[in-house]
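Data block below; observations after.
The values are calculated or read from the model by the stated rules, or taken from the named source; none is laboratory data. Since this is a predicted model, take the numbers as computed values, not measurements. No Cβ is skipped: glycine too gets one built from the backbone with ideal geometry, and neighbour counts run over all protein chains shown.
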Amino acid sequence: METVTAVGSDDPVLIRFDDVSKVYPLPAGDVVALDRVSLTVVRGEFIAIMGPSGSGKTTLLNLIGCLDVPTSGRLVINGRDVADLTDDDLTYLRRDTIGFIFQHFNLIPLLSVMENVEYPLILKCKDRDACGMKPFEVLKAAGLDDERLYTHKPNELSGGQQQRVAIARALVNDPSLLLCDEPTGNLDQKTGKAIMDLLAEMNRAGKTIIMVTHDLGIASYANRQVRIVDGRIMEDTG
């Protein structure tokens, strides 16, 4: 089993952007998605990333999630400079350190609830038997108590139930960081509040949460708000 050992994992700083830019070259001209961003995230924070469409929010989240790499500047995650990591290293960092929660759930439609949650753990353990009770535990922690649903496919669940499955999947490898991209965007107000209460509870239990949202009410759950405009941080309440 491959793992990435975090250099300096006892450091209270989990993420550090030092003058990071991300530029996408296009035939019509370069697009600067992030422009010399400097940002520090301390372990245990709950941060809401806000800003208009096209401001760079998703690019910032993709860089933190190691789905993309900076064009310039330095990005350190869990003690590792991403510029020093191979593609395999980045894969293991995503698998072991980061959980992803998406607006559209992104569950695998052909797999059952249990299989969706087991999948990241099997990638780590290489053996379903080695998963033990962890998938059951995280489904319960995510508030999906009815075990009869565990054999259902995603399209047989409500939106709120699907998001709880997605949260359980994000938690199954016990990441220190949860990245949430509009986690309540496809949910009604009551269900969205329940999901946000769950995320707040996880933050109180020690998870670092970075969430992109357009909703001021949802952003109020965070203890820090960062506003991005045209690829630059315009406001940081931290």
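Before moving on, here are some points about what is shown:
- When L149 is tested against (1) under 23 Å from R94 (Cα atoms); (2) in a helix (DSSP H, G or I); (3) in contact (Cβ under 8 Å) with a residue 24 or more places away in the chain, just one condition goes unmet, and that condition is (1).
- Considering the range 120-139, the residues that are within 18 Å of the chain's Cα centre (by Cα) and modelled with pLDDT of 90 or more include one that is surrounded by the fewest Cβ atoms within 10 Å (Cβ to Cβ), namely V138.
- Search result, residues across the range 181-194 that are of a type outside the set (S, T, N, Q) and either in contact with a strand residue (DSSP E or B) (Cβ under 9 Å, 6 or more places away or on another chain) or assigned to a loop (DSSP other than H, G, I, E, B) (or both): D181, E182, P183, G185, L187, D188
- Yes/no for L85 being over 19 Å from the mean Cα position of the chain (by Cα) and either polar (S, T, N, Q) or surrounded by fewer than 13 Cβ atoms within 10 Å (Cβ to Cβ) (or both): no
- Within the range 28-42, the set of residues being more than 11 Å from I228 (Cα to Cα), among the β-branched types (V, I, T) and touching a residue at least 24 places away in the same chain (Cβ under 8 Å) comprises V32, T40, V41, V42.
- In the range 98-117, residue modelled with the lowest pLDDT [restricted to those that are surrounded by fewer than 21 Cβ atoms within 10 Å (Cβ to Cβ) and of a type outside the set (A, V, I, L, M, F, W, C)]: Q103
- Scanning the range 178-195 for residues that are within 14 Å of the chain's Cα centre (by Cα) and either without any contact (Cβ under 8 Å) to a residue 12 or more places away in the chain or crowded, with 22+ Cβ neighbours inside 10 Å (or both) turns up L178, L179, C180, P183, T184.
- Test result for R80, of a type outside the set (S, T, Y) and free of Cβ contacts under 8 Å to residues at least 40 places away in the same chain: no
- The range 205-217: number of residues that are modelled with pLDDT under 95 and outside any loop (DSSP other than H, G, I, E, B): 2
- Residue match in the range 104-117 (condition: within 30 Å of L144 (Cα to Cα), hydrophobic (A, V, I, L, M, F, W, C) and touching a strand residue (DSSP E or B) at 6+ places or on another chain (Cβ under 9 Å)): no
- For the range 159-180, the set of residues classified as modelled with pLDDT under 95 and not in a helix (DSSP H, G or I) consists of V172, N173, D174, P175, S176, listed by residue number.
- Tally of residues being touching a strand residue (DSSP E or B) at 6+ places or on another chain (Cβ under 9 Å) and not in a helix (DSSP H, G or I) across the range 86-100: 3
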